[in-house]
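Student: For reference, the structure I am asking about is given below.
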Amino acid sequence: MPAIDEFVSELVGWMWSVPLFLLLLGCGLIFSVATKFAQWRILTHGVACIRGHYDRPEDTGHISHFQALSAALSATIGLGNIAGVAVAVSLGGPGAVFWMWVVGLFGMALKFTECTLAVMFRDVRREPDPSARKRMRADAGRHSPGHDAEPPHVPVAETDTGGPHEATRQCPRCGHSLRSQARYCPTCGLTVEGPDGTAEVRGGPMWYIQKALVEPLRARNNAVWIVFKVLAVLFAFSTIVNSFGSGNIFQGWNVQNVLDKNFGIPNYVSASAVSLLVALVIIGGIRRIGQVAAKLVPFMCVVYCLGALTVIGMHVAEVPYYVGLIFKHAFTPLAGEGAFAGTVVWIAFSWGLKRACFSNEAGEGSAAIAHAAARTEEPIREGVVAGIGPFVDTIIICTMSAMVLLMTGAWNRPPVGTVTAVDDGTITVACNHDVPPDLQTAYHSEICKANGASDTAALVVFIEQEPGQAPETASAQLAAIDGSGPDANWENLTSLILKLPDLSAPTAEDVRARHELLDKIKPNMPVHFDMDGAELTRFAFDVRLPGFGKYILTLGVCLFAFSTLISWSYYGEKGAEYLFGPRAVLAYKSLFVIVVFAGMLMPDFPLVVDLSDITVALMVFCNLPALLILSPVVVRAAGSYFRRLDTGQMPRTR
């Protein structure tokens, strides 16, 4: 198993390397230029759309624009906004925030493109009941991995080229030649089939690959259709796997971990409660998910932002300084200080790029599955709505977290003390009395908490720090405090006694590794609290709002994780339905709830996380080629849509 874990970990590092992030950024730039920077349309017209000014209840689809956006945001706004930003700032410095903004802005164009295609080429079934036996039997045959999802026909991307499926009509708006079964005009984006508010819809990258690439190529007897069919099947399969990994086990485990750590709630209690709540929501399908997300997402964003704005408000006079720091060190190096090892421009760029791509999921294609269910006959309109997602996720929520980390000094916090002596697993540490006054209360609180946590490693010795990389550390437990007792102020503490964790049933290899670790620990090495990711964000809130950090962290993790669970259940459901037909949906939902419960009882799951990272990369690799090939269709439809909007041919419904 260790060999397998190591191989999978190396594979993740290779797949999620800088070239992939640069490819995502490059595609975002291409789509931004091609759509004449649709970002400003997204921030103006998109807001009007989610406010319902263009809603028509009779349109095809299940949920409103706002519900579709909320469902997609509930999957993207998650632990990455709390923990991922802390990692980016602590390793990449303030400059990483600037590059997060850049990626977020270009990600808006990526989301716009993929979600437009998701509506343009979604699968529409006229039967309102997806579980009807006759339909299930037909779908079961057509949607198995070795079969096409629909009988071959040429969709909107095709024009009259002769052959067995010649065009039989023209677009009533622009006169473009259309095949008989085309639903959308590729030139002006007009829906050429009448709306049907009772139809069942499903979409996403697997469907626009299927309908816009697989079926036309197969109709022409072009063998390249097999390549795209493999991409569609691989995307659907990767979506299913990822829905059980980072969309399920990872989220649930973090909920039980934070509840247990901060409030002592047993894991079987939290597992039972969360799995029951998830079941109650997902059994109602995308309609109920959309309804819950429409209430949950605004609430959790407002709560988290209010907490962050409270901290920012305490430093309001320093806002220009920190904004300047972000811009300055996006292009200039920054020397190390405290827990921050220093950075150069490339490190700031790469960390900002990585965290923003992971956070907003632009280019991954997952959000397109939710937006395909939107109630609309205008694909561009839903693309405009979808583009708001990266703005909210990256530009607003991630920036809030970053500003709290920067303004409180948590990102470059000074050491607790320095090593003075090492004696067979016992480490003596001289307390650092140069800790700034505004951090002393938080430091003292952490020491008191660590003094009662004999079963966890509370502090770490920084053995070696390299810019842009997590430091090599030795974890230790706080055994004793030398000073005026744990109730004394920070300045009264003189030294700490740390002990390396005891080895349970040690092997000869464990003993050898322990001796090697002890040999590396030298006097004058800095000692820090064992905090990174979500714990570092929690500490940052505690600096300015003592005792509040654990509540904002717990509430944020629980809400963000729960919202991710319900949305990713829908993504995985649509992947299962594409591969195996509607009869697989109930089995998938049942298994998803079981895995939620089981995952929250697991002690550790590094292999699961790594496998999820691999499947996310596969989703990107499957999605980007289709986006690049089909982007001209989106550009033409966008030009027509915005011309009609600007000339008043698109009246508001309210």
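Student: Could you work out what % of the accessible surface of the chain is carbon and sulfur, using a 1.4 angstrom probe and leaving DNA, RNA and ligands out of the count?
Tutor: C and S atoms contribute 62 percent here.
Student: So if I take the centroid of the Cα atoms in segment 520-571 and the same for segment 230-303, what is the distance between those two points in Å?
Tutor: Centre-to-centre (Cα) distance: 18 Å.
Student: So for the chain, taking the charge dipole from beta-carbon charges (+1 Lys/Arg, -1 Asp/Glu), which of Gly284, Asn221, Ile521 sits furthest toward the positive end?
Tutor: Asn221
Student: Using Cα positions and a limit of under 16 Å, work out the lysines in reach of Lys550, with same-chain residues fewer than 8 apart set aside.
Tutor: Within the straight-line limit of under 16 Å, Lys550 reaches these lysines: Lys261, Lys449.
Student: On average, how much accessible surface per residue is there in segment 53-108, in Å², for a 1.4 Å probe, leaving out ligands, DNA and RNA?
Tutor: That works out to 19 Å² for each residue.
Student: In whole angstrom, how long is each semi-axis of the equivalent ellipsoid of the chain, when you take the square root of 5 times every eigenvalue of its Cα gyration tensor and sort them from largest down?
Tutor: Semi-axes, largest first: 49, 26, 22 Å.
Student: How high is the FRET efficiency between Ala480 and Val511 when r is their beta carbon distance and R₀ equals 30 Å, given to the nearest 0.05?
Tutor: Calculated value: 0.75.
Student: Under a 5 Å amide H to amide H cut-off, with H placed in plane at 1.01 Å, what residues pair with Glu466 once short-range neighbours are removed?
Tutor: The list, which skips near neighbours in sequence, is Glu472.
Student: Related question: Using 7 Å Cα-to-Cβ label points, what is the Arg288/Lys36 separation (nm, one decimal)?
Tutor: Computed distance between label sites Arg288 and Lys36 equals 4.5 nm.
Student: Run through every distinct alpha carbon pair of segment 520-565 and return the Kirkwood hydrodynamic radius in angstroms, one decimal place.
Tutor: Mean inverse Cα-Cα distance, inverted, gives 12.4 Å.
Student: Out of the DSSP beta bridges found with both residues in the chain, what percent are antiparallel (nearest 5)?
Tutor: 95
Student: Right, another one. May I ask you to give the solvent-accessible area per residue for segment 228-310, in square angstrom, as obtained with a 1.4 angstrom probe?
Tutor: 40
Student: Sticking with this one: Between Asp438 and Leu518, what is the FRET efficiency for a Förster distance of 35 Å, r being their Cβ-Cβ separation, to the nearest 0.05?
Tutor: 0.50
Student: How much space per residue, in cubic angstrom, does the convex hull of the C-alpha atoms of segment 9-93 take up?
Tutor: 178
Student: Separate question: Quote the charge dipole size of the chain about the Cα centre in Debye, to the nearest 20; the model charges only the Cβ of Lys and Arg (+1) and of Asp and Glu (-1).
Tutor: Using Cβ point charges on Lys, Arg, Asp and Glu, the chain gives about 3200 debye.
Student: Around Cys431, which amide H atoms from residues at least 5 apart in sequence, or from another chain, sit under 5 Å from its own amide H, with H modelled in the peptide plane?
Tutor: Correct list: Ser495, Leu496.
Student: Using r as the Cβ-Cβ distance of Val344 and Phe548, and R0 as 25 Å, what FRET efficiency do you calculate, to the nearest 0.05?
Tutor: Taking R0 as 25 Å, the efficiency between Val344 and Phe548 is 0.10.
Student: How many nm is it between the label spots at Glu464 and Ile497, if each spot is 7 Å from the Cα in line with the beta carbon?
Tutor: Placing both labels 7 Å beyond Cα along the Cβ direction yields 3.2 nm.
The values are calculated or read from the model by the stated rules, or taken from the named source; none is laboratory data. As the structure is a computational prediction, the values presented were derived from the model and not from experiment. For neighbour counting, all protein chains shown are included, and Cβ atoms are generated from backbone atoms with ideal geometry for every residue, glycine included. Surface areas here come from the heavy atoms of the whole protein model, side chains and all, with no ligands, DNA or RNA. Shrake-Rupley method; radii C 1.70, N 1.55, O 1.52, S 1.80 Å.
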